[in-house]
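J.: What follows is a structure written as structure tokens; I'll ask about it next.
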Amino acid sequence: MTHEFTAVIEPPDDEDPFWVATCPELPGANGQGESEQEALDSLREAIRLLLEVRLEQGLQGIKENAKQAVVSLT
């Protein structure tokens, strides 16, 4: 399954010498790098880790007899 997210990429400036990438759909998902590609790669990893943590947190406290299903968006 492929998930797509928006990446907003800001070039370096006088105050910050790094490329910065953020994902508006997932507040807290940020990446940076010395190149645009490094910033995107860093953001990709941040998104993966953030979703992994949110899944773990979301499953805490669920009743033992609860069912799980996959919901797909098209």
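J.: Rounded to the nearest 500, what is the 222 nm mean residue ellipticity of the chain from helices alone, with -39500 (n - 2.57) per DSSP H run of 4+ residues and division by all residues? Numbers along the way, then the final one.
T.: On the way: 1 runs with 24 residues, N = 74.
Calculated at 222 nm, the ellipticity per residue is -11500 deg cm²/dmol.
J.: From the P(r) of the chain, could you give the percentage of C-alpha pairs in the tail past 14 Å? List each step's numbers first, then the result.
T.: Values: 1804 of 2701 pairs.
Considering the chain, 67 percent of its Cα-Cα pairs are separated by more than 14 Å.
J.: State the percentage of accessible surface on the chain attributable to carbon and sulfur atoms; use a 1.4 Å probe and exclude ligands, DNA and RNA. Present the calculation step by step, with values, prior to reporting the outcome.
T.: Values: 3220 of 6270 Å².
Of all accessible area on the chain, carbon and sulfur atoms account for 51 percent.
J.: Related question: Can you give me the angle between helix 36-59 and the longest principal axis of the chain, using Cα atoms only, in degrees from 0 to 90, rounded to the nearest 10?
T.: Value to nearest ten degrees: 20.
J.: Tally Lys/Arg at +1 and Asp/Glu at -1 over every other residue whose Cβ is under 14 Å from the Cβ of residue 73; what's the total?
T.: Working: positive: none; negative: 4, 25.
Once positives and negatives cancel, what remains is -2.
J.: Next question, about the same structure. Keeping every protein chain present and rolling a 1.4 Å probe, give me the accessible area per residue for the chain in Å². The partial results should precede the final answer.
T.: Working: 6270 Å² over 74 residues.
So the chain comes to 85 Å² accessible per residue, rounded to a whole number.
The values are calculated or read from the model by the stated rules, or taken from the named source; none is laboratory data. Here the structure is a predicted model, which is why all the values come from computation and not from measurement. Positions of Cβ are backbone-derived with ideal geometry, glycine not excepted, and every protein chain shown enters the neighbour counts. With ligands, DNA and RNA removed, areas are computed over all heavy atoms of the protein, side chains included. Shrake-Rupley method; radii C 1.70, N 1.55, O 1.52, S 1.80 Å.
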